[in-house]
Amino acid sequence: MSEFEPKIVAFCCNWCSYAGADGAGVARLQMPTNFRIIRTMCSARVDPEFILRSLAKGADGVIVLGCHPADCHYIGGNYRARRRIALVRMVLEQYGFDPKRLKLEWVSASEGEKFQKTLTEFVETIKTLGPTPLQQEDE
Amino acid sequence: MSFFDRFRKNKAAEPKKEEPKKAAAPVSKAPAPAPKEEGQCWTKTDATVQAALLPAAELGELLPGAPPGGKFNLAIYWAAACGGCDVSILDINERILTVGDMANIVMWPIAADGKEHDIAEMEDGSITVSIISGAVRNTENEHMVKLLRQKSVIVVSYGSCACFGGSPALANLVPGGAKELLDYAYTKVPTTANFQADYHKGAPVMPQNKYGAPEGELTLPVLFDTVKTLDQVIDVDYYVPGCPPMQESISYMLKAVADFAYNGVALPPKGTNIGVVTKTLCEQCHRRKEYRRITKIVEPHEIDVDPELCLMDQGILCLGPATVGGCNAKCTKAGQPCRGCYGPTAAVQEQGASALTAIASLFPVLDDDATMEEGKIIDIMSTVKDPLGYFYAFTMGKSLIKRSVSEKGGK
């Protein structure tokens, strides 16, 4: 059996993390290709419904990347996102998901290396956790 | 102190503070404008609240006699429901007489004597309207709603349980499904645990789905692991949400049916949500908002609830911002928070996610937020007890994930 390759949805904020991902690409940093980036204007634009919908459609993990605290382009968006994600993680835990399937991390526009490191670690975490429990039930 | 004040203080306090004052000076000469509070983008007045309310439909003559084509057949059925929806139909008061004039009630388990075999003997399409309340959680519910669908022209999904799963659908969160539920109810609850220990020690008596009696085999319905909404089982024509639907909402359903039966007016398009407005409950709520931040979550019985101030401002979790209006905000008027029984607005599928978004944003940004550990955020948000049960109290059956899952573990 081939090794489990997770599907990961990465929401990147336009001002920091998306540029950080760009930086990682320009610098030709090696990283796994298991994630699909969706650009949002701010990490606070990531409605919990987006996260739940990703998981419902079979994503094995969701990572939300935003600007560092006090760095948000919209002043306080990442603080809101942080509180929401904490609540969504509680909700996921109540559903029976491992809350590690949802991660929030801060990556600035200049941190290509941190982007690479974060994504590589997250892919590893999800590989350890195995496929999404939802997918297994459908089979 | 609001969140933005911190930044005003830090960044260029002098010129920024002056400008709004200059702008405000000429305005003050104008004839007494309404005092606009800082950060408030629209003003709620008695008039706007009044305009947002849903008036009861105009129903015309009380006793119109039988419709031109003769009385039609009406069935009212409860699946997994508490019976409140059936009783709520009587909230239309003397209008129930119009219903009696208009239709033969061929089935209404709570009030009339129609049986399953009576319905089964009818021809397909001979029931004009079936009003079904309750979620579908066992084989009997499933059989009956499929039978009624087959015999009916119009099926109305009535009440929150039928529309969104309601409280019964919270059973989807039990990981072990039907087996765990039955085990708990028959062996773990004090009353049944004592009974089993006293009379059936070692081999607890559990309900069986089949029993071979001398007179023949007896059967009981089989409980499903996942509670379904009505439209996940059968095709549904109209939805009337609410726990139970308010009299105003019911009047619109009655009006649509009466207009169709007496005057041949076309029915609303299929899939219509009857008896709701487009905006959220907050629009219909009379309470004024001061845009305060939540630091402590309280229950209504723990504080003296200010009758005029928004419940969220007082620290009570209210699902109003995520719930579609139509109930005319009766709960918030009585000092109780909205629990979301009317379901989400048309633009949203996940009511719980909307409520979660709104409520998480009410937590204040703290002075040490920039350097805060993630653990502290979890501590702050843990003041919301049981977020899944609270935010999805009525919509678990319609949610994206739908039921509890269990991690199987990876490599």
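The values are calculated or read from the model by the stated rules, or taken from the named source; none is laboratory data. This is a predicted model, so every value here is computed, not measured. All Cβ positions, glycine included, derive from the backbone under ideal geometry; neighbour counts span all protein chains shown.
Of the residues in segment B:273-293, how many are outside any loop (DSSP other than H, G, I, E, B), out of contact with any Ser or Thr (no Cβ under 7 Å at 6 or more places or on another chain) and of a type outside the set (Lys, Arg)? Give the steps one after another, and end with the answer.
Going residue by residue through segment B:273-293, those that are outside any loop (DSSP other than H, G, I, E, B) are B:273, B:280-283, B:288.
Next, from what is left, pick out any that are out of contact with any Ser or Thr (no Cβ under 7 Å at 6 or more places or on another chain): B:273, B:282-283, B:288.
So of that shortlist, the ones also of a type outside the set (Lys, Arg) come out as B:273, B:282-283.
Final tally of qualifying residues: 3.
Would you call B:TYR262 assigned to a helix (DSSP H, G or I) and of a type in the set (Phe, Trp, Tyr)? Break it down stepwise before answering.
Details: assigned to a helix (DSSP H, G or I): yes; of a type in the set (Phe, Trp, Tyr): yes.
It is true that B:TYR262 is assigned to a helix (DSSP H, G or I) and of a type in the set (Phe, Trp, Tyr).
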Note to self: I need every pair where a residue in segment B:86-115 that is within 19 Å of B:GLY65 (Cβ to Cβ) and of a type in the set (S, T, N, Q) has its Cβ under 9 Å from the Cβ of a residue that is part of a helix (DSSP H, G or I) and modelled with pLDDT of 85 or more, sequence separation at least 6 or different chains.
What the structure shows: B:THR98/B:ILE92; B:THR98/B:LEU254; B:THR98/B:ALA258
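Can you tell me which residue within segment A:37-47, out of those that are more than 7 Å from chain B (Cβ to nearest Cβ) and of a type outside the set (Val, Ile, Thr), is nearest to B:SER382 (Cα to Cα)?
Quick first cut of segment A:37-47, residues more than 7 Å from chain B (Cβ to nearest Cβ) only: A:37-46.
Next, from what is left, pick out any that are of a type outside the set (Val, Ile, Thr): A:39, A:41-45.
Working: A:ARG39: 29, A:MET41: 28, A:CYS42: 24, A:SER43: 21, A:ALA44: 20, A:ARG45: 22 Å.
Per the criteria, the residue is A:ALA44.
Only one of B:ALA322, B:ALA360, B:ALA329 is closer than 30 Å to B:LEU54 by Cβ, within 10 Å of chain A (Cβ to nearest Cβ) and crowded, with 19+ Cβ neighbours inside 10 Å. Can you tell me which?
Working: B:ALA322 fails: within 10 Å of chain A (Cβ to nearest Cβ); B:ALA329 fails: within 10 Å of chain A (Cβ to nearest Cβ).
Of the residues listed, the single one that is closer than 30 Å to B:LEU54 by Cβ, within 10 Å of chain A (Cβ to nearest Cβ) and crowded, with 19+ Cβ neighbours inside 10 Å is B:ALA360.
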Check: Can you pull out the residues in segment B:63-83 that are touching a residue at least 60 places away in the same chain (Cβ under 8 Å) and surrounded by fewer than 14 Cβ atoms within 10 Å (Cβ to Cβ)?
Finding: B:PRO68, B:GLY69
Notebook entry, point to check: How many residues, within segment A:20-44, are buried (at least 19 other Cβ atoms within 10 Å of the Cβ) and part of a helix (DSSP H, G or I)?
Noted result: 6
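For segment A:48-65, does any single residue satisfy the condition of being away from chain B (no Cβ under 12 Å) and out of contact with any Lys or Arg (no Cβ under 8 Å at 6 or more places or on another chain)? Even if it seems obvious, please write down each step before you answer.
So in segment A:48-65, the residues away from chain B (no Cβ under 12 Å) come out as A:62-65.
Next cut, out of contact with any Lys or Arg (no Cβ under 8 Å at 6 or more places or on another chain) only: A:65.
Yes, that holds for at least one residue.
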Check: In segment A:73-114, what residues are assigned to a loop (DSSP other than H, G, I, E, B) and more than 10 Å from chain B (Cβ to nearest Cβ)?
Finding: A:HIS73, A:TYR74, A:VAL107, A:SER108, A:ALA109, A:SER110, A:GLU111
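Which members of segment B:133-153 meet the condition of being of a type in the set (D, E, K, R) and either in contact with a helix residue (DSSP H, G or I) (Cβ under 8 Å, 6 or more places away or on another chain) or crowded, with 24+ Cβ neighbours inside 10 Å (or both)? Quick ask: steps written out before the conclusion?
So in segment B:133-153, the residues of a type in the set (D, E, K, R) come out as B:137, B:140, B:142, B:146, B:149, B:151.
B:ARG137, B:LYS151, listed by residue number.
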Check: When you scan segment B:294-319, how many residues do you find that are at pLDDT below 90 and either exposed (fewer than 12 other Cβ atoms within 10 Å of the Cβ) or assigned to a helix (DSSP H, G or I) (or both)?
Finding: 1
Note to self: Given the options B:LYS210, B:LYS270, B:LYS201, B:LYS188, name the one that is within 29 Å of the chain's Cα centre (by Cα) and of a type in the set (Lys, Arg).
What the structure shows: B:LYS270
Checklist line | Tally of residues being farther than 27 Å from B:ASN209 by Cβ and under 25 Å from the mean Cα position of the chain (by Cα) across segment B:131-162 | finding: 8
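Given the criteria free of Cβ contacts under 8 Å to residues at least 60 places away in the same chain and facing chain A (nearest Cβ under 10 Å), does B:GLU350 qualify?
Details: free of Cβ contacts under 8 Å to residues at least 60 places away in the same chain: yes; facing chain A (nearest Cβ under 10 Å): yes.
When the stated conditions are applied, B:GLU350 passes them.
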Notebook entry, point to check: Quick one: how many residues across segment B:366-390 are of a type outside the set (Gly, Ala, Ser) and under 31 Å from the mean Cα position of the chain (by Cα)?
Noted result: 12
Check: When segment B:364-392 is examined, which residues are found to be farther than 21 Å from B:LEU281 by Cα, within 7 Å of chain A (Cβ to nearest Cβ) and touching a residue at least 60 places away in the same chain (Cβ under 8 Å)?
Finding: B:VAL365, B:VAL384
Next item on the list: Mind telling me which of the residues B:PRO221, B:PRO245, B:PRO207 ends up being outside the structural domain of B:VAL324 (by TED's automatic domain parsing) and loosely packed, with under 13 Cβ neighbours inside 10 Å?
Entry: B:PRO207
Note to self: Looking for something farther than 24 Å from B:ALA81 by Cα, free of Cβ contacts under 8 Å to residues at least 24 places away in the same chain, of a type outside the set (A, V, I, L, M, F, W, C) and not in a loop (DSSP other than H, G, I, E, B) - is there at least one such residue anywhere in segment B:242-255?
What the structure shows: no
Item checked: Selected residue [over 29 Å from B:THR395 (Cβ atoms), assigned by TED's automatic domain parsing to the domain that holds B:ASP231 and loosely packed, with under 14 Cβ neighbours inside 10 Å] from B:ALA112, B:ALA103 -> B:ALA112
Check: Residue check, B:SER167 against (1) small (Gly, Ala, Ser); (2) over 13 Å from the mean Cα position of the chain (by Cα); (3) within 27 Å of A:MET90 (Cα to Cα), all met but one. Which one?
Finding: (2)
